[in-house]
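The values are calculated or read from the model by the stated rules, or taken from the named source; none is laboratory data. This structure is a prediction, so every number in the text was calculated from the model and none was measured. FYI the Cβ positions are ideal-geometry reconstructions off the backbone, even for glycines, and counts take in every protein chain you see.
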Amino acid sequence: MNKIYSTLQKLGLTSKRSRIKFSKKTRDKEKQNVWLDKKSGVIYIDDYYVGDNEYELGNYRDNKKKITGDPSFERLEDANRRISFCKKFIKNKTILEFGCGNGDFLFLAKRISKEITGIELQTDYRKYIQSKKIKCFRNFEELEKKKFDVILSFHVVEHLPDPINEIKKLRTFLSSKGKIIIEVPHANDFLLTHAKVESFKDFTLWSQHLILHTKDSLFKLLKSVGFKKINIDGIQRYNIANHMNWLINNKSGGHKSYLAKLENRQIKKEYANFLSKLNANDTLIAIADK
């Protein structure tokens, strides 16, 4: 059951009067209402959930058979960025990654963390991680009463049909001085709400992304379940070459095209900083104490 509307209403982030229809479709569903709240800026879907079975089987993947092998450019970039950002929090700590996919982050974290554990609903991913001698469970119940120093979740919370209840459960598995790190897509993405690129809108809206958060909505969500010292920043996953391709050619992949030759590390950094000043990064990352 999808409890997105009731969750956002409870947090004071939407109402039937303050929301407008942002789109009548997603990239995978021709008839699917997507709402934008005019006051909070949250974008959400309140009448659909793909179901746990879809996530268990992984039918939504472009290449369902490819589990192992070299990670894609994007996966490698994300994993390296995340380990660089999280290193100071997870070094010599016991960690749990909630929704760990096929283990890209965990394989890197294994080198520096005291103990690593994953939760992953998708069966073939979970079995693959277990084959690498890493503990990986299907759900919370299998963890029993285990406690962790740090819990991490990257681009998972937006898929949850009942986020308050799920994050409340996660909190119970933190040690008394534990931290949670959550990464989610940003509703105020530059291409979506500033440049208003319709082709990007058609591409990025997905029926499985039930909420695109703002800084305020993510803060209120974490605060509502008891987290403290909540800090939320914007980060940029896709650089200026990617944005140029959307603006020029109305399609993705600019970060792997000839346009990527126009940028270097410094340009990427400056562009990300520019988007941060606009509060228009494509991604938000929250760090909070129990």
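What the table shows:
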{"quantity": "Checking T193 against (1) modelled with pLDDT under 95; (2) more than 18 Å from V34 (Cα to Cα), the condition it does not meet", "calculated": "(2)"}
{"quantity": "Residue satisfying condition, being without any contact (Cβ under 8 Å) to a residue 40 or more places away in the chain and either assigned to a strand (DSSP E or B) or closer than 20 Å to K10 by Cα (or both), within set K177, K169, K196", "calculated": "K169"}
{"quantity": "Among the candidates F105, F89, F73, residue that is of a type in the set (F, W, Y) and crowded, with 19+ Cβ neighbours inside 10 Å", "calculated": "F105"}
{"quantity": "Enumeration of residues in the range 73-130 that are assigned to a loop (DSSP other than H, G, I, E, B) and either among the polar types (S, T, N, Q) or in contact with a Leu (Cβ under 7 Å, 6 or more places away or on another chain) (or both)", "calculated": "N92, C100, N102, S113, Q122"}
{"quantity": "Restricting the range 199-230 to residues that are in a loop (DSSP other than H, G, I, E, B) and touching a helix residue (DSSP H, G or I) at 6+ places or on another chain (Cβ under 8 Å), the residue that is surrounded by the fewest Cβ atoms within 10 Å (Cβ to Cβ)", "calculated": "G226"}
{"quantity": "The one condition in (1) at pLDDT below 95; (2) surrounded by 19 or more Cβ atoms within 10 Å (Cβ to Cβ) that T7 fails to fulfil", "calculated": "(1)"}
{"quantity": "Tally of residues being assigned to a strand (DSSP E or B) and not hydrophobic (A, V, I, L, M, F, W, C) across the range 33-56", "calculated": "2"}
{"quantity": "Residue check, C136 in a strand (DSSP E or B) and touching a Gly at 6+ places or on another chain (Cβ under 7 Å)", "calculated": "yes"}
{"quantity": "Scope the range 14-32; condition in a loop (DSSP other than H, G, I, E, B) and in contact with a strand residue (DSSP E or B) (Cβ under 6 Å, 6 or more places away or on another chain); matching residues", "calculated": "T14, S18"}
{"quantity": "Qualifying residue in the range 263-277 (condition: free of Cβ contacts under 8 Å to residues at least 40 places away in the same chain and not in a helix (DSSP H, G or I))", "calculated": "yes"}
